Amino acid sequence: MNEHDFRSMRRNYGKSELVETQISPNPFDQFSHWFKEAKASGILEPNAMSLATASKSGHPRNRIVLLKEINATGLVFFTNYLSQKGQDLEENPYASALFFWDKEERQVRFDGKVEKISREESEAYFLSRPFESQIGAHASIQSSTIPNREFVESKYEDMKEKYSGQIVPIPDYWGGYILIPEVIEFWQGRSSRLHDRIEYKKSNNQWTINRLSP
Ligand SMILES: Cc1cc2nc3c(=O)[nH]c(=O)nc-3n(C[C@H](O)[C@H](O)[C@H](O)COP(=O)(O)O)c2cc1C
């Protein structure tokens, strides 16, 4: 593995800065501002976030999910409620979501509690998805062990036939979650590793802002 020379791989950051006089008092506005810039920079999936969960025993896991909505309450994503992450969230509702936007030399982290969104909201989103994605949700019990690839492909074909020409119903086990953040950190890479870190913390429904040491 040494041929990769990980030790000498490093970049110096200098594209931008994050200073108290320019940030928004509301972290969601700040996120929206940065998201616009991430999107404009040509990042392939700026709404991809790494979602970390932990089981009751404290074993962490993370995976990428797509942010599908952000509102004044939190971040909405969709998944299979029976998946590993769904099981983790059932046991322990705390999670952390991280965006890394390399072209902007930025990361943003949201830590908080996760809740299921309403059935109506999940259904409305499910119905807006392409037919193939809807069928995919019916064909897969996400995170379960399967014997081979053909197993899921043949289930997909069965479901495609079953629902052909019909409105595909939302599976009971599929839907959205909302991560309601308590802490949000914005990180901007700076030179000499003296990065900017601004943390928003919620207490009594107010956001307080602190600078963290890099
Ligand atoms: C770019 C990208 C986007 C993804 N988006 C989602 C998503 O929105 N929802 C989802 O359930 N899985 C998504 N996945 C797959 C997850 O990373 C993961 O494999 C899956 O949800 C099962 O995770 P779990 O076993 O930890 O529950 C995405 C993967 C990638 C790489």
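The residues ARG61, ARG190, when put in order of fewest to most other Cβ atoms within 10 Å, stand as ARG61, ARG190. Using the Cβ-Cβ distance between LEU66 and LYS113 with R0 = 22 Å, the FRET efficiency computed as 1/(1 + (r/R0)^6) comes to roughly 0.65.
Ranking GLN22, GLN142, TYR81 by how far each Cα lies toward the positive end of the dipole of the chain (charges on Cβ) leaves GLN22 at the top.
Pairs of lysines in region 1-151 whose Cα atoms sit within less than 22 Å of one another amount to 16, provided the residues are eight or more positions apart or on different chains. For region 24-58, trypsin sites (Lys or Arg not before Pro) meeting the loop criterion (DSSP other than H, G, I, E, B) and having at most 14 other Cβ atoms within 10 Å: LYS56. Take the alpha carbon gyration tensor of the chain, find the square roots of its eigenvalues, order them as a ≥ b ≥ c, and report rounded if a/c is under 1.5; if not, report prolate when a/b exceeds b/c, else oblate. Here the chain falls in the prolate category. For ASN12 and ASN205, the difference between the fully extended length at 0.36 nm per residue and the C-alpha to C-alpha distance is 65.7 nm.
How much length, in nm to one decimal, is gained on full extension between ARG149 and MET1, taken as 0.36 nm per residue of separation minus their Cα-Cα distance? Gain on extension, ARG149 to MET1, equals 50.3 nm. For a test of the definition: using alpha carbon positions, the gyration tensor, and the 1.5 limit on a/c, classify region 1-71 as rounded, prolate or oblate. Here region 1-71 falls in the oblate category. With the cut-off at under 16 Å, measuring from each backbone N in region 179-193 to a point 7 Å along the Cα-to-Cβ line of GLU20 picks out 186. Taking 0.36 nm per residue of sequence separation and removing the Cα-Cα distance, the SER128/SER192 pair yields an extension gain of 18.4 nm.
In order along region 8-15, the phi-based Karplus estimate (6.51 cos²θ - 1.76 cosθ + 1.60, θ = phi - 60°) of 3J(HN,Hα) comes to 9, 8, 7, 10, 9, 9, x, 6 Hz; Gly and Pro are listed as x.
Only the coordinates and a few stated rules stand behind these numbers; no lab work does. Because the structure is a prediction, the values reported are computed rather than measured. As a convention, Cβ positions derive from the backbone with ideal geometry for all residues, glycine included, and neighbour counts pool all protein chains shown.
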